[in-house]
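Presented below is the structure to which this report refers.
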Amino acid sequence: MDVPGPVSHRAAAAAATMLLRTARVPRECWFLPTALLCAYGFFASLRPSEPFLTPYLLGPDKNLTQREVFNEIYPVWTYSYLVLLFPVFLATDYLRYKPVVLLQGLSLIVTWFMLLYAQGLLAIQFLEFFYGIATATEIAYYSYIYSVVDLSMYQKVTSYCRSATLVGFTVGSVLGQILLSMAGWSLFSLNVISLTCVSVAFAVAWFLPMPQKSLFFHIPSSCQAVRGIKEEAKPDRLLVLKVLWNDFLVCYSSRPLLCWSVWWALSTCGYFQVVNYTQGLWEKVVSSRHAAIYNGGVEAVSTLLGAVAVFAVGYIKISWSTWGEMALSLFSLLIAAAVYIMDSVGNIWVCYASYVVFRIIYMLLITIATFQIAANLSMERYALVFGVNTFIALALQTLLTLIVVDASGLGLEVTTQFLIYAGYFAFIAVVFLVSGTVSIMKKYRKQEDQESSSQAATS
């Protein structure tokens, strides 16, 4: 039902969409914001210590136990991420992206500062909360660029921005491995470098152009046609939630968008779990206290190859509307196989190789899903859709964490956890195999009916 007032909230949404199209930066001006955002993503991801986080927490610097790290500390990130995501989404729109990107940079600084100097279980759990802020605000990073470039540039800028973060992570991982294995640096020193890099990213973020509008809270006052919308929105903030709900229904009424969003939510849940606890699995196979570890090298190889795959996405020509679901099914099955092999074969090099395959496939598909969702939106609600998809992923991940990982739940060993994650991705593959088969059959049946009707009309 429409809200009474100068105009309905549906008309407000339509007018806002019109304004967003006219207020967008001209196509030839896409380079500067894209370059700055890529630079920010590169330095924010250049963290040499991250591949060695688990050994660092278990080592003499923090002296925590495996149960404390895996079952009491890491779950805090999942819970905080989930709780913060919706408020951060609203703040992203209200503050128009850039301030939330700055918040992400500041949260990363606090996280790595605490990683250097905080001691004790409670302090490290508090650190995980700040890291939850940093990851929750990623929605601003991935939504910002769509607010300042033309629709025709979506596919390319998506691949550029994601490639920048992946390359940054690759460089950081390589640097960390070299400094640890060849130069003999301590893990504490690697964290100092990480803190420096995220501080540089925070400085770069200040130079990002400020978008001149947002989707719900701010509408340019120069537009006389919708001035009534703005005046009404100020006293009645509930209108924002009503517009959000209406836009949610409109956006997810698109079957292609719904399909890619379901895969996004399901696979991201599994991806987070695997990445969060992979270092624990590696520690089970080969202890970092008794042998040399190559976590940084593995992360670097997987991220570098993933970055190449992501960059190539910008130039792939395929009918995703027809074969998208079947591709998701096939690649989800490959992910399930990689996770199963990682868990069942007690060889660290096989674990490493399987992890590389796992990450490459996920990075490729999530990039495709991102621009497919953006392209299939009937209205420009990128932060809304990305936020909802991530929220659902986190809700599922929280459920998995509570049942499988948390000490208050089953508190399973990491090897048993990975067996469950492999089955989880196999389930995703089956779901999209069935859905894709039905979709293709319907499409070809519709084509046959159209051809029959055409032949009958010709006769």
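The values are calculated or read from the model by the stated rules, or taken from the named source; none is laboratory data. These figures come from a predicted structure and were not determined experimentally. All Cβ positions, even for glycine, are placed from backbone atoms using ideal geometry, and neighbour counts span all protein chains on display. Calculation scope for accessible area: heavy atoms of the full protein, side chains included, ligands and nucleic acids excluded. Shrake-Rupley method; radii C 1.70, N 1.55, O 1.52, S 1.80 Å.
Does Phe248 meet the test of being modelled with pLDDT under 75 and crowded, with 22+ Cβ neighbours inside 10 Å?
Against the criterion (modelled with pLDDT under 75 and crowded, with 22+ Cβ neighbours inside 10 Å), Phe248 does not qualify.
Whether any residue in the stretch 128-144 is outside any helix (DSSP H, G or I) and closer than 29 Å to Thr401 by Cβ is what I want to check.
Yes, that holds for at least one residue.
Does the stretch 411-448 hold any residues that are in contact with a helix residue (DSSP H, G or I) (Cβ under 6 Å, 6 or more places away or on another chain) and not in a helix (DSSP H, G or I), and which are they?
Gly411, Leu412
Search the stretch 121-178 for residues being hydroxyl-bearing (Ser, Thr, Tyr) and open to solvent by 30 Å² or more (accessible area, probe 1.4 Å), and hand back the single one that is farthest from Ser189 (Cα to Cα).
So, considering only residues that are hydroxyl-bearing (Ser, Thr, Tyr) and open to solvent by 30 Å² or more (accessible area, probe 1.4 Å), the one farthest from Ser189 (Cα to Cα) is Ser152.
Can Val101 be described as farther than 22 Å from Phe43 by Cβ and in a helix (DSSP H, G or I)?
So Val101 does not fit the description; no.
When you check Thr65 against the structure, is it within 30 Å of Asp150 (Cβ to Cβ) and either open to solvent by 50 Å² or more (accessible area, probe 1.4 Å) or modelled with pLDDT of 50 or more (or both), yes or no?
The answer is no for Thr65.
Quick check: anything in the stretch 116-127 under 24 Å from Val69 (Cβ atoms), free of Cβ contacts under 8 Å to residues at least 60 places away in the same chain, part of a helix (DSSP H, G or I) and under 16 Å from the mean Cα position of the chain (by Cα)?
No, the stretch 116-127 contains no residue that is under 24 Å from Val69 (Cβ atoms), free of Cβ contacts under 8 Å to residues at least 60 places away in the same chain, part of a helix (DSSP H, G or I) and under 16 Å from the mean Cα position of the chain (by Cα).
Do you know which residues across the stretch 416-438 are loosely packed, with under 15 Cβ neighbours inside 10 Å and either closer than 19 Å to Glu138 by Cβ or among the hydroxyl-bearing types (Ser, Thr, Tyr) (or both)?
Thr416, Thr437
Which one of Thr34, Thr54 is closer than 24 Å to Pro209 by Cα, open to solvent by less than 40 Å² (accessible area, probe 1.4 Å) and either out of contact with any Gly (no Cβ under 8 Å at 6 or more places or on another chain) or modelled with pLDDT of 85 or more (or both)?
It is Thr34.
Could you tell me which residue of the stretch 278-302 is nearest to Gln177 (Cα to Cα), considering only residues that are small (Gly, Ala, Ser) and open to solvent by 10 Å² or more (accessible area, probe 1.4 Å)?
Across the stretch 278-302, the extreme among qualifying residues is Gly297.
Considering only the stretch 306-330, state which residues are at pLDDT 85 or above and out of contact with any Ser or Thr (no Cβ under 9 Å at 6 or more places or on another chain).
Leu330
Check the stretch 151-162 and report whether any residue there is in a loop (DSSP other than H, G, I, E, B), touching a residue at least 24 places away in the same chain (Cβ under 8 Å) and under 20 Å from the mean Cα position of the chain (by Cα).
no
Looking at (1) at pLDDT below 80; (2) open to solvent by 40 Å² or more (accessible area, probe 1.4 Å), can you tell me which one Leu215 breaks?
(2)
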